[in-house]
Amino acid sequence: MAKRIEYMDIARGIGILLVVLGHNDFEVLSLFARQMIYSFHIPLFFFLSGYFVNTSISFFDFFKKRFNGLLKPFLFTLFLIYFTSISFEKMGFNTAISRILKSLYGTGHYIDWVQLWFLPHLFVVSLYALLFITLVSRLKNRWLTWGLLLATLAIGLLFLHKFYPFTLSVFGKEYELWGLPFSLDLVLLSGFFFILGNQVRQVTSERTFDNLFLLVGAGIGLFLLNYLFPYLIDFNIRQYDSFLINTAEAILGILFILALSRQIELHTKRLASGFKYLGNISLIILLFHVPIQAFWGEKVMNVTDNFPLSILVGFIMGVLGPILIYEIFIRYNPVASFWFGRKAESPVKKEPEIKEEVAVTNPPSAPIAEIKEQ
């Protein structure tokens with residue numbers, strides 16, 4: 001099981017790099033590369049979250065664990081955003097309160113750091129998945145489970161645009177809202193990939209992804225589908241252009257990343273360690289990469305007027321910046337770690353080297369013969 005988790009962590013590391021790249025303006029340089037990334041990178045994260053989920057604990061413990069791991073970092077990051085905005089950017093207190101209240105609705109349309117929409121949504125998806133898995137497991141029929149799972153995906157797509165936007169009337173006043181709170185209107189869609197991860201874990205082993213034919217086949221299939229059908233997946237703006245094509249692309253992309261991660265684990269230990277490290281701190285990178293990447297990309301563009309260079313530097317800093325935040329402020333800080341849903345690590349202290357003192361004794365001297373005077 002340790003090995004399975006190891007290459008899944010590598011997959012998470014690759015996935016977070018794709019997320020950072022997907023929030024970059026590199027699409028101007030390669031629209032097809034952006035299309036490839038957006039065909040599977042968000043389903044990949046729901047899949048990996050479902051793969052690792054523990055459904056054997058009580059609902060209360062599950063709720064508490066998911067709250068600490070997802071909602072607490074979301075709420076704390078909102079506090080940081082508007083605390084610093086009030087303190088250093090001269091944002092009015094009333095404006096900050098208004099934006100916080102909008103952000104608590106939990107959809108990307110109302111959050112200044114748009115990427116944060118993923119956390120409250122993943123929280124409700126986790127609860128939905130627990131309910132689904134608990135109920136369907138009683139059927140004890142895997143084929144029926146998969147059939148119901150596909151049915152939920154189809155139903156979710158039917159209602160994909162019903163709530164984005166929709167009009168709500170309260171005391172005779174109408175409000176236009178973009179999505180349900182915490183993007184609940186996406187639960188059946190994202191829940192499909194989350195629960196798929198849980199189901200795949202039950203029927204696969206590490207040897208499943210050892211197969212090079214799976215890596216090559218999934219990669220070719222993903223490339224061809226994207227080349228022939230320019231369809232995108234963007235959950236945040238409720239885009240899922242084709243039930244068959246987008247679902248096939250997402251599954252092929254997930255299989256490709258898992259097979260690639262397994263090969264990296266088997267053959268390149270240093271690269272594997274790097275991706276595992278990124279996977280371990282993927283939440284921190286998700287939280288902070290957008291403003292850091294935008295800041296550095298804009299600065300480099302203003303200084304050099306070199307657009308490709310600004311994209312490259314922005315991407316690098318979008319990864320390195322959150323790493324520095326983690327290493328300096330979070331990793332060994334129990335207070336910060338608590339608010340980011342982690343356990344603080346203990347600094348590795350090098351034990352002082354104890355030099356063994358070797359007692360040097362004089363070799364036994366030769367017996368001294370007594371010379372008696374005669």
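The values are calculated or read from the model by the stated rules, or taken from the named source; none is laboratory data. All figures in this text were calculated on a predicted structure; none of them were measured in a lab. When we count neighbours, we look across all protein chains shown, and the Cβ atoms used for this are built from the backbone with ideal geometry, even at glycine. When the accessible area is computed, the model is the full protein with side chains, heavy atoms only, and any ligands, DNA or RNA have been set aside. Shrake-Rupley method; radii C 1.70, N 1.55, O 1.52, S 1.80 Å.
For the pair the stretch 42-61 / the stretch 288-326, the C-alpha centres are spaced 32 Å from each other. Couplings 3J(HN,Hα) of the stretch 174-180, computed from phi: 9, 10, 8, 10, 9, x, 7 Hz, in residue order, whole Hz [Karplus 6.51 cos²θ - 1.76 cosθ + 1.60, θ = phi - 60°; x for Gly and Pro]. The mean accessible area for residues of the chain, using a 1.4 Å probe and ignoring ligands and nucleic acids, is 56 Å² per residue. About the centre of its Cα atoms, the stretch 56-132 shows a dipole size close to 100 debye [charges on the beta carbon of Lys, Arg (+1) and Asp, Glu (-1) only; nearest 20 debye]. I want the local charge near Ile37. Using Cβ-Cβ distances under 14 Å, sum +1 for each Lys or Arg and -1 for each Asp or Glu among the other residues. Once positives and negatives cancel, what remains is -3. Each label was represented as a point 7 Å from its Cα along the Cα-to-Cβ direction; for Phe67 and Leu127 these points are 1.0 nm apart.
Inter-label distance, His267 to Asn306: 3.3 nm, where each label sits 7 Å from its Cα along the C-beta direction.
Of the accessible area of the stretch 5-138, computed with a 1.4 Å probe over protein heavy atoms only, carbon and sulfur atoms account for 65 percent. Pull out a ≥ b ≥ c, the square roots of the eigenvalues of the alpha-carbon gyration tensor of the stretch 280-340, then state rounded if a/c is under 1.5, prolate if not and a/b is larger than b/c, and oblate in the remaining case. It is prolate, given that a/c is not under 1.5 and a/b is the larger ratio.
The accessible surface of the stretch 224-290, taken with every protein chain in place and a 1.4 Å probe, is 70 percent carbon and sulfur.
Spin-label pair Phe295-Phe52: with each label point 7 Å from Cα along the Cα-Cβ axis, the two points sit 2.7 nm from one another. Would you be so kind as to identify all helices of the chain, as entire DSSP H runs, whose Cα atoms reach 20 Å or more along the helix's own axis and whose mean Kyte-Doolittle hydropathy is at least 0.0? Helix filter hits for the chain: 2-22, 72-88, 118-136, 142-158, 187-203, 212-228, 243-267, 282-304, 307-325. Set the Förster distance to 25 Å, then compute FRET efficiency between Leu228 and Phe166 from the Cβ-Cβ distance, nearest 0.05. It comes out at approximately 0.15. Within the shell of other residues whose beta carbon sits under 14 angstrom from the beta carbon of Ala129, the net charge comes to +3, with Lys and Arg scored +1 and Asp and Glu -1.
For the chain, the square roots of the Cα gyration tensor eigenvalues, ordered a ≥ b ≥ c, give a/c of at least 1.5 with a/b greater than b/c, which places it in the prolate category. The stretch between Ser137 and Ala344 holds 70.9 nm of extra length on full extension. This uses 0.36 nm per residue minus the Cα-Cα distance.
Multiplying the residue separation of Arg201 and Phe60 by 0.36 nm and removing their Cα-Cα distance gives an extension gain of 48.4 nm.
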